[in-house]
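Shown next, in structure tokens, is the structure this report addresses.
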Amino acid sequence: MLHFAYDGSIHGDWVARYATRMATRLPDPGLHVLHVEDRQLANADVEAGLDRIKAACAELALPVEVTVAPARSSVADTLLELVPADPTHFLVCGTRVRQKGRGFLADTVSEQLLRAGRCQVLSVRVVQPGLLGGPRSILIPVSGRPEGIRVGLPFLRLLVSEASKVEVLLVHRVSHRRFRQMSHAEALRLVEHGQHYVSTVKHSMSTELDLPLGQVDGTAILSDDIPKEIAIHAGKHKSQLIYMGASVRSLRTRSVYGNPIEQVLRNAPCDVAIYGDPS
């Protein structure tokens, strides 16, 4: 089952398009829309938003269930009570639409849901609402760990069916000083090692997602600024979605401007989807 935490905002309407499309690709298609009551929102506005989601589901012949619940101890706790603690359940939510000095993810309901790790959670920031939740080009930054993108596969399976291009990006971080002093031979060795890893991830993704190998591309580069390189690469290659994991450690980083996830969310030229990574 795919659950969607709807906050009643315009950005929530945009994120709903991702949730609706992904819900149609489940083995047993269905969408469960969850809304926790908020006194700051007019009931009429929320009801109108829920009606739009139900109409979109009707067009797709997608079964939909709507639950409106009063807030208990917190919005996040209420949502977690409504969603089974089961890795076969998916929960989609949205980031802040504007950071206003607080970041897009920090101290949000989405961050609390990602940190809880009770089910598969995906937090989405929509920059291009005209895509209607159907990106055709997906950029996937990876960290170089042996398990590769394995943790992110469940949601990725629901995203790639309409994509014509999937690109794996490994940015090998080196310190600013070392980056300036590095010899060409050392740089080439690191890039070749990274490219071998990227090739392994590409083949694994092609098999796991049933994608033609030619549809999956991959690049390894060196940089002293990983978030900057991700944003640059997305712009250069006209990516429509950046799909990346947020580790528990990165979610614990309280400095908004020093947090790599926040930096990508702030500078990305396209939509960004963040999945929970328990590492």
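The values are calculated or read from the model by the stated rules, or taken from the named source; none is laboratory data. A quick note: this is a predicted structure, and the numbers were derived from the prediction, not measured. Because the Cβ atoms are built from the backbone with ideal geometry, glycine has one as well, and the counts that use them run over all protein chains shown. Note: areas computed on protein heavy atoms with side chains; ligands, DNA, RNA excluded. Shrake-Rupley method; radii C 1.70, N 1.55, O 1.52, S 1.80 Å.
Observations
- Most to least accessible of R157, R180, R145, R98 (protein chains only, probe 1.4 Å): R180, R98, R157, R145
- All Cα pairs of the chain, percent lying beyond 35 Å: 16 percent
- The chain: relative contact order in percent, alpha carbon pairs under 8 Å with at least 6 residues between: 19 percent
- Of the residues M1, M182, the one with the largest accessible area comes first in the ranking M1, M182, computed with a 1.4 Å probe on protein heavy atoms.
- Placing one equal scatterer on every Cα of region 21-62 and applying the Debye formula, the log10 ratio I(q)/I(0) at q = 0.16, 0.32 Å⁻¹ is -0.49, -1.12.
- Of all DSSP-defined beta bridges confined to the chain, some 10% are antiparallel rather than parallel.
- Whole-number percent relative contact order across region 1-113, with pairs defined as alpha carbons under 8 Å at least 6 apart: 33 percent
- Radius of gyration (Cα atoms) of region 80-204, expressed as a multiple of 2.2 N^0.38 Å: 1.31.
- Extent of region 166-213 along its three principal axes (Cα atoms, max minus min coordinate, largest first): 42, 17, 11 Å.
- Spin-label zone in region 11-32 - amide nitrogen under 19 Å from a point set 7 Å from the Cα of A48 along the C-beta vector: 11-17
- Were the residues from D217 through I232 laid out at 0.36 nm apart, the gain over their Cα-Cα distance would be 3.7 nm.
- Stretching R150 away from D28 to a fully extended chain increases their span by 41.7 nm, per 0.36 nm per residue minus the current alpha-carbon distance.
- Dividing the alpha-carbon radius of gyration of region 1-93 by the rule-of-thumb value 2.2 N^0.38 Å gives 1.02.
- Accessible-area ranking of T95, T207, largest first, probe 1.4 Å: T207, T95
- Long-range amide H partners of D217 with built H, under 5 Å: V166, E167, V168
- Computed with a 1.4 Å probe over protein heavy atoms only, the accessible area of V66 comes to about 60 Å².
- Highest mean packing comes first when the peptides 224-234, 48-58 are listed by Cβ atoms within 10 Å, giving 224-234, 48-58.
- Over region 57-117 - Rg/Rh using Cα atoms and the Kirkwood inverse-distance radius: 1.02
- Rg/Rh for region 136-267 (Cα atoms only, Rh after Kirkwood) is 0.96.
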